[in-house]
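The values are calculated or read from the model by the stated rules, or taken from the named source; none is laboratory data. Bear in mind the structure is a predicted one, so any value in this text is a computation, not a measurement. In this analysis, Cβ positions are derived from the backbone assuming ideal geometry, glycine residues included, and neighbour counts consider all displayed protein chains.
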Amino acid sequence: MLDWLFPHKCVVCLDILTSSPNDGFCKACKDTLMKIAEYCDVCGRPLTHGYTCECEGRVFEFTKNRSVFVYDDVMSNVIYAFKYGNHPAHGKALGKTMARHFDFYFKGIDLRHCLIIPTPMFRPKERLRGFNQADILAREIARYTGILYDNKSLLRIRDTAAQSGLSAEEREINLANAFKLSRMPSPVAGKTILLVDDILTTGSTLNKCAAELLRGGAASVYGYTLSATVKIKKKYSANNLIV
């Protein structure tokens, strides 16, 4: 009855899914999505064979990041609709997809000592939008993996300008002192943290959050983002990606 009243829709084209949805995509749209096959071992961005990532030489506070999708035009539209088109339900389908890939990217992590934490939004901005997209993704990953979920320990205490359009250096400055642990000693102490966000561009947001979590005694911090932009010296080829 609920499926009849509120039919599941493809998160890309918004067509009604005629069969029981496995991951929120119709077959036609699923075939247009690019999952990352070859990636930077540190930041998780897509790579073309034989080329190094732009992050080479950078020092990150997080151990590594992994992303499921290439942030191309299709994924850009999906995330825009999710965040700004008032489609928070899309995040549940996308979070479920991330959960299905979790074991592939993070095999070997001791889940008994792990916390899933979404990158926080500035509270007034979150109230205005009605939700934090990273929070929805993180909740779904926690639901399907059984990892303890925590959206209270890490806070965004300062509003910042939009990161889009800023250089890597400007992003670092923009996010200075923007994140803070809610209390000390912190529940993150001794824990392995899975930090969840929707897009990885330069890694600045994950880096600032990871630094604060490590300050609170976290054993290590891993990033897990829905998508990642392409940052290599030569344009990637579709032959180096899987669908």
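Filtering GLY91, GLY146, GLY108, GLY85 for residues that are among the small types (Gly, Ala, Ser), crowded, with 16+ Cβ neighbours inside 10 Å and out of contact with any Pro (no Cβ under 8 Å at 6 or more places or on another chain) leaves a single hit, GLY91.
For ALA142, the test of being in contact (Cβ under 8 Å) with a residue 40 or more places away in the chain, in contact with a strand residue (DSSP E or B) (Cβ under 7 Å, 6 or more places away or on another chain), closer than 20 Å to ALA89 by Cα and outside any loop (DSSP other than H, G, I, E, B) is failed.
Filtering LEU137, LEU195, LEU128, LEU155 for residues that are on the phi < 0 side of the Ramachandran plot, over 19 Å from the mean Cα position of the chain (by Cα) and either in a helix (DSSP H, G or I) or surrounded by 17 or more Cβ atoms within 10 Å (Cβ to Cβ) (or both) leaves a single hit, LEU128. For region 206-232, the set of residues classified as surrounded by fewer than 24 Cβ atoms within 10 Å (Cβ to Cβ) and in a strand (DSSP E or B) consists of SER220, TYR222, ILE232, listed by residue number. Screening region 111-125 for residues that are at pLDDT below 95 and buried (at least 16 other Cβ atoms within 10 Å of the Cβ) and picking the one that is nearest to SER204 (Cα to Cα) gives MET121. Restricting attention to region 44-81, the residues being loosely packed, with under 15 Cβ neighbours inside 10 Å, in contact with a strand residue (DSSP E or B) (Cβ under 9 Å, 6 or more places away or on another chain) and under 25 Å from ASP31 (Cα atoms) number 1. Scanning region 1-31 for residues that are in a loop (DSSP other than H, G, I, E, B), out of contact with any strand residue (DSSP E or B) (no Cβ under 7 Å at 6 or more places or on another chain) and modelled with pLDDT of 75 or more returns CYS10, VAL11, VAL12, CYS13, LEU14, GLY24, PHE25, CYS26, ASP31.
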